[in-house]
Amino acid sequence: MYSTRCPYCHQLVNLKTDEVRQAVDETEAKKQQHYELHCPHCRRLIKVQVKELKRKLPMAITLPTEATAEENGGKEETKEKPARASKTAKTAKAGKATKAAKAPKAEGKKTTKTKAPVSQKKARSTDEV
């Protein structure tokens, strides 16, 4: 479904998926870049880019068939995971675990400076003068 607003009367214009497909087919047959849509409220012409209409179409998913296997010469390609990549991932995870075990967090230790009471600060400042 595609929806847009009329630039003149600001009325919302909706197109169903079938209408969008039909519009794309028409414009491609005429080799145009814009689809001409008439506003149902004010009847003015609205130009919509074909790119936008194509974006709103649902994706067509095609599954591989036997014909594609025959085109490849009957060879089936099998992808194997490299064994080394899985080992390096395991060692990286193990390395992180050992670093965490080596450096435990300091518990209960707070390094804050204690402030002297205000009366002592005043006494110190008057002694220095």
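Quick notes on this one:
- If only residues of the range 1-10 that are assigned to a loop (DSSP other than H, G, I, E, B) and either touching a Ser or Thr at 6+ places or on another chain (Cβ under 7 Å) or of a type outside the set (Ser, Thr, Tyr) (or both) are counted, the one that is nearest to residue 50 (Cα to Cα) is 1.
- Residue list for the range 10-29, restricted to those being among the aliphatic types (A, V, I, L, M) and surrounded by 14 or more Cβ atoms within 10 Å (Cβ to Cβ): 13, 15, 20, 23, 24
The numbers here are math on the coordinates, done by the rules we state, and not lab data. Model, not experiment: these values are computed from the prediction. We place every Cβ from the backbone using ideal geometry, glycine too, and count neighbours over all the protein chains shown.
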